[in-house]
1. Sort out the exposed loop GluC sites (Glu not before Pro) in the chain (DSSP loop, at most 15 other Cβ within 10 Å) and tell me the longest stretch that has none.
2. Report the relative contact order of the chain, percent, no decimals, based on alpha-carbon pairs under 8 angstrom and at least 6 residues apart.
3. Find me the longest stretch of the chain that has none of the exposed chymotrypsin sites (Phe, Trp or Tyr not before Pro), where exposed means in a DSSP loop (not H, G, I, E or B) with at most 16 other Cβ atoms within 10 Å.
4. Between the stretch 1-58 and the stretch 183-202, what's the alpha-carbon centroid distance in Å?
5. Heavy atoms only, 1.4 Å probe, whole protein assembly: order R78, R226 by accessible area, highest first.
6. Run lengths n ≥ 4 of DSSP H only: what is the helix-derived mean residue ellipticity at 222 nm for the chain, with -39500 (n - 2.57) per run over all residues, to the nearest 500?
7. Which FRET efficiency value, to the nearest 0.05, is calculated for R12 and R226 with the Förster distance at 35 angstrom and r the Cβ-Cβ distance?
8. For the stretch 59-205, restrict the atom set to alpha-carbon positions and state the Rg and Dmax in Å.
Amino acid sequence: MDDPAYAAELIRILTNPHPTGIRPDDPYGQADDGIDRYSGFGRDVVVTGGRVVGGEYGSELEIDFVIRPDGEPEIADRGRVSLDAGWRELSGYADPSAYAPRVAREVERAARETWRRHSGRSEDGQADRRAVPARAEEQRALLLELLGREGLVTEAASPDRFEVSCAPLEDEPGLRFTVVVTPAEWAGFLESVGPENAAFGELMGSARNGETFLVFWKGEFEQSVREELPPVRARPERFVFPEGAGGWYAYRPRD
């Protein structure tokens, strides 16, 4: 499927006002398209259209959306998500229906940022944040300190790469991560989240098999199976019962 056809089908899914599978008593639930609507997608945040555009890392889909605050005028904005065909294939998004739930989450994230800018509100605890170190050397020292909490840190030949060897846990071998971030990206991240909220333990602890890279993407660190951008997440492993073997039942099968 070429990019325009893929984008058209994706936009069709995202703009469908009446997806099947929504229960009348739970209008904010999850429909058959897999999109989680508990955060207000489709009601408080509505996709109105989109188009294929060029991007630094391949084609992208620029998505138009509106925010509908209670009792206030609509707020229109737009955001972008990756659409590169090679990246879609690697990520398991060859079918637009598989990508739609993730795109919906990205739209919601963009809508939250739009609402903060529009309302002038900041994150909770903004006033209590520690000051970001002013000097680049101090910022780098903080990065090394935070990475050092997770394992042995080795600075690679490239100034923007750091190897972190984590200690083994119980019977599992220790993992080795490559963290890729430039000084400017790290400084921006500290300004965004605050030094006290910058940490890598949760990202490393939740990485799937093969996600040995932490790369900086759209203002955040993300797990990836490769260093190149956009990041590619590992596909969840599926357990397949051997042929002829039974599964687990909550009741006694009749056969």
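The values are calculated or read from the model by the stated rules, or taken from the named source; none is laboratory data. Values in this document were obtained by computation on a predicted structure and should not be read as measured data. Note that we place each Cβ from the backbone using ideal geometry, even for glycine, and neighbour counts take in every protein chain shown. Just the protein is used for accessible areas: all its heavy atoms, side chains included, with ligands, DNA and RNA removed. Shrake-Rupley method; radii C 1.70, N 1.55, O 1.52, S 1.80 Å.
1. Values: sites that count: E56, E74, E123, E170, E227, E228, E237, E243.
The answer is 171-226.
2. Values: 352 pairs, mean separation 29.6, N = 255.
About 12 percent, as a whole number.
3. Working: sites that count: Y28, Y38, Y57, F239, W248, Y249, Y251.
The longest uninterrupted stretch comes out as 58-238.
4. If we compute the Cα centre of each part, the gap is 31 Å.
5. Details: R78 130, R226 55 Å².
Greatest to least solvent exposure: R78, R226.
6. On the way: 6 runs with 73 residues, N = 255.
Computed mean residue ellipticity for the chain: -9000 deg cm²/dmol.
7. Numbers: r = 30 Å, r/R0 = 0.87.
Calculated value: 0.70.
8. Expressed in Å, the Cα Rg and Dmax of the stretch 59-205 come to 19.3, 57.
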